[in-house]
1. Ignoring solvent entirely, what values of log10 I(q)/I(0) come out of the Debye formula for region 16-73 at 0.12 Å⁻¹ when each Cα is a single scatterer?
2. Go through Lys76/Lys141; Lys141/Lys164; Lys158/Lys223; Lys68/Lys212; Lys141/Lys209; Lys76/Lys164 and tell me which ones have a Cα-Cα distance over 27 Å in this structure.
3. Step through the residues of region 179-187 one at a time and calculate ³J(HN,Hα) from phi using the Karplus curve (6.51 cos²θ - 1.76 cosθ + 1.60, θ = phi - 60°), rounding each to whole Hz and writing x for Gly and Pro.
4. Quote the FRET efficiency, to the nearest 0.05, computed for Thr57 versus Glu26 with a Förster distance R0 of 22 Å and r equal to the Cβ-Cβ distance.
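Rule-based calculations on the coordinates, nothing more; no lab input. Since this is a predicted model, take the numbers as computed values, not measurements. No Cβ is skipped: glycine too gets one built from the backbone with ideal geometry, and neighbour counts run over all protein chains shown.
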Amino acid sequence: MQGTEEIEDQGNDYSLTLARGIRILEIFTPEVQSVTTSEAADFVGISRAAARRFLLTLVTLGYLGQSKSSFVLTDKIATIGQGALARDNRWLGATARVIELSNRMNGLRIRFVARDQKRRIYSARLGVGDTLPAYCAAAGKVLLSTLEPHEIDDLIQKHGPLEKRTPGTIVDRDALLAELRDVRLRSCATADDEMDIGTLGIAVPIFDKNGKVIAALAVGSHKMRRSIEELERDFLPVLQDAADRISEDVN
C-alpha cells in the first residue's frame, strides 16, 4: 500500500476533516480489502490516533466492520453510490425496457441498477442500489456463472458460508458449481423457493460489446401465480428479447 502526502487545506469552504474521512474510504480497492490503523495513517498522512478516530467513526456509522486490528468495508458502503446508479444514463435507458417487459409479462450479492418497483416479489422492499444474495437469486446465478470455481471459492471464503434461507437454497459448494455450469450452458438461470418460500425467478444475461456479461435481466413471481415451467415457456423468449435490446442500448 502506497502512502500519500498530507491533504492540504483548500480554504474556508473546504472541510479538511471530511476530506480525510473520504480519503480513508478510498484506501479500499479490490486488492486492498482490509487495513490497519497504521496503514490508514500512512496512506492519508495523519497520526495513528487521528486515523483510529476516523476508522471507529466509520464503524459506528456502519460503513466499516472491525476484526481485531483490521477494518473492512461493509455492504452499507454501497448506499453512498445509490444516487449515481439511479441516474447512470445506461441504466436509465434500461429502466424503460424493464418496465415495458414487466407490463407485458404482468408479472455473495447482486445489485439492482434498474427495477420496476411497483411490483414486489421478495419479502424485502428493494430498490435501485439494493442487494440480494447472488447464489439464491436467478440474476445472481447468471453473474456467478461467469466466474471460475476458484473465484467462487474465494467469495465463499471471504463472505462466509452460504446461508440456507429456505429448504430449497443451494448451500453445498459442489451442488452450486454444478448449478452454475448448467446456467452457463443454458444462458439462463432459474430460482425456485431459494430466496423466499413461495417465490420463483428466471434471468438471462446482458452483454457488453465484447460479449462479456455485465448484468442480468430477471423476472420473479409467486408460485401461486406461476410455475417454473410457465416462466421458461412463456416468459423466457420475451426476457431474452428484452435483454438483447438492453445489451444494444447500454453499449
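1. Values returned for q = 0.12 Å⁻¹ are -0.21.
2. Numbers: Lys76/Lys141 22 Å; Lys141/Lys164 16 Å; Lys158/Lys223 33 Å; Lys68/Lys212 39 Å; Lys141/Lys209 21 Å; Lys76/Lys164 22 Å.
Over 27 Å apart, Cα to Cα: Lys158/Lys223; Lys68/Lys212.
3. Each residue's phi maps through the Karplus curve to give 4, 5, 4, 5, 4, 4, 5, 8, 6 Hz.
4. Values: r = 16 Å, r/R0 = 0.71.
Computed FRET efficiency for Thr57 and Glu26: 0.90.
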